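The numbers here are math on the coordinates, done by the rules we state, and not lab data. Bear in mind the structure is a predicted one, so any value in this text is a computation, not a measurement. Quick reminder, even Gly has a Cβ in these numbers, built from the backbone with ideal geometry, and neighbours come from all protein chains shown.
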Amino acid sequence: MDCIFCKIIAGIIPSEGVYKDDKVIAFRDISPMAPVHILIIPREHIPTLNDITDQQAPLVAHMVQVAKQLAKQQGIATKGYRIVINTGPQGGQLVQHLHMHLLGGRELSGGLG
């Protein structure tokens, strides 16, 4: 098992967990880029968003729902937040396990609209 996120899911590497269910887990990023920076990852190892099958597509919607719930719990839902899925090397994906970043708690620059 070489995937750091799979090791976190298995409990081999500790993390500051904030949510878990049978499909995903969420934990605080160890190098936060905002006051709230949470990673939401599927329990199933899926390398990138490009690897999602039609049958797995509802998983991405579930990740968004978890992000929305966590934004509310973290007190950032009203003022706003960002969710990001980086895909591939040019998209900035550093860990080859599908994951979503939930960012908030301050003004985020560089928005796309």
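Rounded to whole Hz and in sequence order, give me ³J(HN,Hα) for segment 31-41 from the Karplus expression 6.51 cos²θ - 1.76 cosθ + 1.60, θ = phi - 60°, writing x for Gly and Pro.
Whole-Hz 3J(HN,Hα) from phi for segment 31-41: 10, x, 9, 7, x, 10, 9, 10, 9, 10, 10.
Can you pull the one-decimal nm distance between simple spin-label points at Glu107 and Lys20, each 7 Å off the Cα toward Cβ?
Distance between the two pseudo-spin positions: 3.9 nm.
Return one number: the angle in degrees, 0 to 90 and rounded to the nearest 10, between the long axis of the Cα atoms of helix 57-73 and the longest principal axis of the Cα atoms of the chain.
The angle comes out at about 40 degrees.
Could you check the simple spin-label distance between Asp2 and Gln73, using points 7 Å along Cα→Cβ, in nm with one decimal?
Between Asp2 and Gln73, the simple spin-label model gives 3.3 nm.
Which ordering of Asp22, Asp29, Asp51 is given by a fewest-first count of other beta-carbon atoms within 10 Å?
Lowest to highest Cβ neighbour count: Asp22, Asp51, Asp29.
Can you give the relative contact order of segment 4-104 as a percent, counting alpha carbon pairs under 8 Å and 6+ residues apart? The partial results should precede the final answer.
Values: 143 pairs, mean separation 31.1, N = 101.
Relative contact order, segment 4-104: 31 percent.
Over all directions, what mean area does the Cα convex hull of segment 4-104 project, stated in square nanometres?
Averaging across all directions leaves 6.2 nm² for the Cα convex hull.
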